[in-house]
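Data first, discussion second: the structure below is written as structure tokens.
The values are calculated or read from the model by the stated rules, or taken from the named source; none is laboratory data. Everything quoted here is computed from the prediction, not taken from an experiment. Here the Cβ positions follow ideal geometry from the backbone for every residue, glycine too, while neighbour counts run over all protein chains shown. Only protein heavy atoms, including side chains, enter the accessible area calculation; ligands, DNA and RNA are left aside. Shrake-Rupley method; radii C 1.70, N 1.55, O 1.52, S 1.80 Å.
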Amino acid sequence: MLDAFQQSPHQLVEFITAVAAREDGVSAAQAAAELASEEFDAEVGAVIVGDRLEAAVGFGSAPPPAEALCAIRPGLGVADLRGVGIAHVAAAGWDDAPPGRLVVARLDRGFAPEEHILLLGMARGLGLTLRTIEALETERRLRAEHQRQAEELAERQRLLEILLDIQRSISHRKPLREILDAITAGAATLLGVQRVSLVLDDALDPGRPIVARTNSPAGGSAPAGDALVASVHVNGRPAGALVAAPPEGGEFDPADAELLTAFAEHASLALTDAQTLQAMQEAFHDELTGLPNRALFVGRLEQALEAPRAGEREVAVLFVDLDRFKAVNDSIGHAAGDELLRAVAGRILGCLRTGDTAARFGGDEFAVLLEGARSAASAERVADRVIEAVRRPFQIAGKTVLVGASIGIAYGDDGVEGADELLRNADLAMYQAKRDGRGRRATFVPAMLTAVLERVELETALQTAVARGELSVVYQPLVALEDGRPTGVEALLRWTHPTLGTVAPSTFVPIAEDIGAIGEIGRWALDEACARAAAARRRRPWLRMAVNVSAHQVRDPEFPVQVEAVLDRHGLPGDALTLELTETMLVDEHGDALAQMERLKALGVSIALDDFGTGYSALRYLQQFPVDELKIDRSFVAQIGDDPDEGDDAVVRTIVELGRVMGMHTIAEGIETPAQAQRLQALGCRFGQGFLFAAPMPADRLEAWLEQAAPVCRAA
């Protein structure tokens, strides 16, 4: 070996390095045969390990002459090699286990002694490499075996821990539903399958089993293949079965049946211990109405979605929500409210066919599963029957009670991914029905989900809109119709989203109210407007600032304190500020609104009713509340045409006269033409705003507009 290094050190090092880079003995032997034949310009290269030809090159696609090659012994000589002919051969061996030889052969000339020395170095290097690789492979096998044993031990430990947890749950009398879910989830985990179902007989509905199921992918169809089944017993009598769907693309091992049986035995123990039938009904049926609960409904829905379809057979879900139930329940008492819910359940059942499922989800929410709805019209007919049935008067606790039902319909077509999504779609459609006017039905369309996702995005963004500086305030002047001189400014809130662009106040303000962000947004807008008013009033002390406030803000007991703090911070008197409220607040929040408005009036602040005429306020409310101004909604102003004989100004005339009689100013919104301004003035309306005079403008343009319109300081 030393001689070989002295003769050709570079060739030998390259050879050993290239061979040692291989990961197993076969590829190392093949590389040695190829490299040796190249190094000696030989037609043939071969590696023999023991008495087996491990690798050979130089024979093309023909099988190498294994017997002739294995017969070559170390040294120099000649050999008759099939496919090559009589060739000069050189062979060098190694004695380390496993022993072997490196052979090269060429036709044109024999091998010199120094070449044989180099071949000997290569052979010994190859032998060392093969021995090292074998040792590594042995180590890998040992590690793999140890890993397998450790995993089996861990799996057994895991099984024991899961079963022990289930036993503890049974002994601690945890809810049956929770125990059954733990059993199906544990079995699915250890079997490595996506679904395990616990199918139990339902004494109340023998033809429709109860299915408690976990670990099922949303919308997944039943896997092909034979399921694994283990019987479940209650007090020794058959009560159902634990069913495991086969692994996707595979089969169960023999040991899996024993494992599933262990879980089935624990299910039997839990059911027996829970006095079975009563506990099962409590777990899967609504206690108040006796209808299936959400858990049982979802199980049946999942089964229906996975069942093979015949012809145009469809699955439809109706999501039913009662209208006005809360008001009725609060007025007649909760006991009578429960009686009403039982009566509603009975009427819903009376609208269904045998085989349909009605469930109560809680509160005043119900759901209906229609299997075999062959057309949209059939599901809509059922919905119409339910709406009509619930609309009829109920006799509850000696009183006549009226409620209604809004229904959302969704279909289990190929685009629906599971029971949860189908229920969500029906729920979205139900809310659309309520928005459309209640007491009606609506069918889900994808645009409903798009609208919800957009709303969620807006809700998230609104939470931090103030902090990110996305909100702004623009200002629209109010003028005297008599001569067009400005008398005040209305602050209008704007939101510019970084990706959605400008979002209309009519869109984001209700959302801000729903999520509780209107308080922060309203305080910020009020502070911005008062700061602008303070700056403008240095030269125009007559100018007043009007700010819209939400009913949610006024409802806050601290709101008058907040208004007073803002006025003090900017050095404004109370009469510099007008707060604009919607007239519906007078009806919805009568008691609280009156007290809050009286506290605001004590600060000197004026109160205006915005969009007057579009709400539901009665004259008696106007007499009771300290209102200073009525703002005529732009929809009524728009009805005033250029020709006084053709326009419709009856509503405007009535509001102006009402304001005069009650000592309130009237302000017209949305004035766009000179004819509208003239007619309003003729009717007795003194003030107005609109594009005819000025569009809403940012703060930096407001000062210039005021300078042009009212350059001289004057008293109001």
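Would you report the distance distribution of C-alpha pairs in segment 346-461 as whole percents per 10 angstrom bin, up to the bin with the largest distance?
Result, from short to long distances: 12, 42, 32, 11, 3, 0 percent.
Let me know the charge dipole size of the chain about its Cα centre in debye, to the nearest 20, where only the beta-carbon of Lys, Arg (+1) and Asp, Glu (-1) is charged. Please list the in-between numbers first.
Values: 69 positive and 106 negative charges, 436 e Å.
Dipole magnitude for the chain comes out near 2100 debye.
Beta carbons within 10 angstrom, averaged per residue: use that to sort the peptides 692-705, 672-685, highest first.
Values: 692-705: 15.4, 672-685: 18.1.
Packing proxy ranking, top to bottom: 672-685, 692-705.
To the nearest 10 degrees, how steep is helix 294-306 against the longest Cα principal axis of the chain, on a 0 to 90 scale?
Here the helix axis deviates by roughly 60 degrees.
Please tell me the relative contact order of the chain in percent, rounded to the nearest whole number, where contacts are Cα pairs under 8 Å and at least six residues apart.
Details: 1208 pairs, mean separation 46.7, N = 716.
Dividing the mean separation by the residue count of the chain yields 7 percent.
What is the percent carbon and sulfur in the accessible area of the chain, measuring with a 1.4 Å probe over the protein chains and ignoring ligands?
Working: 17990 of 34760 Å².
Result for the chain: 52 percent of the exposed heavy-atom area is carbon or sulfur.
With a sphere of radius 11 Å drawn around the Cβ of Asp41, what net charge do the other residues whose Cβ falls strictly inside it have (Lys, Arg +1; Asp, Glu -1)?
On the way: positive: Arg106, Arg109; negative: Glu38, Glu39, Glu43, Asp108, Glu115.
Around Asp41, the surrounding residues sum to -3.
Note down the net charge around Phe59, summing +1 for each Lys or Arg and -1 for each Asp or Glu among other residues with Cβ under 11 Å from its Cβ. Present the calculation step by step, with values, prior to reporting the outcome.
Numbers: positive: Arg82; negative: Glu43.
Taking every Cβ under 11 Å from that of Phe59, the sum is 0.
Nearest 500 deg cm²/dmol is fine: what mean residue ellipticity at 222 nm does the chain get from its DSSP H runs of n ≥ 4 alone, each adding -39,500 (n - 2.57), divided by its residue count? Don't skip to the answer; put the middle values down first.
Details: 25 runs with 336 residues, N = 716.
It comes out at -15000 deg cm²/dmol, rounded to the nearest 500.
What are the residues whose amide H is under 5 Å from the amide H of Asn548, where those residues sit 5 or more places off or on another chain and H is modelled from the backbone?
For Asn548, whose amide H was placed from the backbone, the distant partners under 5 Å are Ala491, Glu580.
Whole angstrom only: what separates the Cα centroid of segment 502-581 from the Cα centroid of segment 399-414?
Between the Cα centres of segment 502-581 and segment 399-414 lies a distance of 41 Å.
What does the charge dipole of segment 49-126 about its Cα centre add up to, to the nearest 20 debye, if the Cβ of each Lys and Arg holds +1 and the Cβ of each Asp and Glu holds -1? List each step's numbers first, then the result.
Working: 7 positive and 9 negative charges, 22 e Å.
Magnitude of the dipole: close to 100 debye.
Quick one: net charge around Pro626, please, counting Lys, Arg +1 and Asp, Glu -1 for every other residue with C-beta under 12 Å from its C-beta.
On the way: positive: Arg599, Lys601; negative: Glu598, Asp628, Glu629.
Residues close to Pro626 contribute a combined charge of -1.
Give the lysines whose C-alpha is closer than 17 Å to that of Lys399, dropping any in the same chain fewer than 8 places away, or say none.
Hits, sequence-local ones excluded: Lys326.
Measuring with a 1.4 Å probe in the full set of protein chains, what accessible area per residue, in whole Å², belongs to the chain? Mind dumping the intermediate values first?
Numbers: 34760 Å² over 716 residues.
Heavy-atom accessible area per residue stands at 49 Å².
Which peptide among 502-510, 264-272 comes first, and what is the full order, when sorted by highest mean count of other Cβ atoms within 10 Å?
Values: 502-510: 14.2, 264-272: 22.1.
Descending packing order for the listed peptides: 264-272, 502-510.
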